[in-house]
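Here the structure comes first, spelled out in structure tokens, and everything after it is commentary.
Read-outs: derived from the displayed coordinates by stated rules, not from any lab. Please read all numbers here as calculations on a predicted model, not as lab measurements. Note: ideal-geometry Cβ built from the backbone for every residue, glycine included; neighbour counts use all protein chains shown.
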Amino acid sequence: MAEYHLTAPFSEEEIRDLRVGDTVYVSGKAFTCRSRLHRWIFDEEHPLPETAGQRELLIHVGPIMLKEENGWKLVSFMPTSSIRFEKWGASSVRDWHLRMIVGKTTMGEATMEEMCKRGCVHVSPQSVSPNAWLNSIRVEGVDLFDELGSIEATWYLTLSELGPFVVDIDTTGANLYLAHEAEVDIKREAALRNLGIDPDFEYTKLY
């Protein structure tokens, strides 16, 4: 496993060099997106804001922001589960020309296929203290605040050594979570055999 310090915009080559299990710190320009922005663009057929279209680092997050006299103060920041957005995942990678998605958990087969084709990875936080990141994030501005609200709006950020993240989907089609699930299944079957438990058992229903 290797460690990388990358700055957006990324080259396709450096993204394709990443492998599942690698550690990544990221700097540069990013934008945020949750489900409402996906629906706004792909289901309701609005255009992606121009500034977002110029960035290839997407973070699945609904940051908590405080309005101040001279701009916005970031109060809390924790990426959300990316699998929630699988319906639009492949389209966002293709249409938004993404090179990296930051989010928790994983994404599905359609998105993984598009990532392999276009040179994009998914990375997940290796931290349970996300507010320790606040000094690594500068808020530049926001689009669609009135239309979508603070949490669902698209925020523009400049990152400085944000991380660590683990690469959980790479451009070869490898998926860290699927590999872990396969290992867990093997160990689970062995544990059930050792305990003499039928693998088709059902959990006790309390209600």
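Counted as qualifying within region 10-74 are the helices (runs of 4 or more DSSP H) with 1 or more residues that are touching a residue at least 24 places away in the same chain (Cβ under 8 Å), more than 22 Å from LEU144 (Cβ to Cβ) and not hydroxyl-bearing (Ser, Thr, Tyr), namely 12-17. Looking at region 33-60, which of the residues that are touching a helix residue (DSSP H, G or I) at 6+ places or on another chain (Cβ under 9 Å) and among the aliphatic types (A, V, I, L, M) is nearest to ILE15 (Cα to Cα)? Among those that are touching a helix residue (DSSP H, G or I) at 6+ places or on another chain (Cβ under 9 Å) and among the aliphatic types (A, V, I, L, M), it is LEU58. Among the residues of region 52-69, are any exposed (fewer than 15 other Cβ atoms within 10 Å of the Cβ) and under 24 Å from LYS87 (Cβ atoms)? Yes, region 52-69 contains at least one residue that is exposed (fewer than 15 other Cβ atoms within 10 Å of the Cβ) and under 24 Å from LYS87 (Cβ atoms). Within region 141-157, residues that are of a type in the set (A, V, I, L, M) reach partners that are assigned to a strand (DSSP E or B) and surrounded by 15 or more Cβ atoms within 10 Å (Cβ to Cβ) with beta carbons closer than 6 Å, at six or more positions or on different chains, in the pairs VAL142/TRP155; LEU144/THR154; ALA153/VAL142; LEU157/ALA30; LEU157/ILE137.
Restricting attention to region 25-51, the residues being crowded, with 20+ Cβ neighbours inside 10 Å and hydroxyl-bearing (Ser, Thr, Tyr) number 1.
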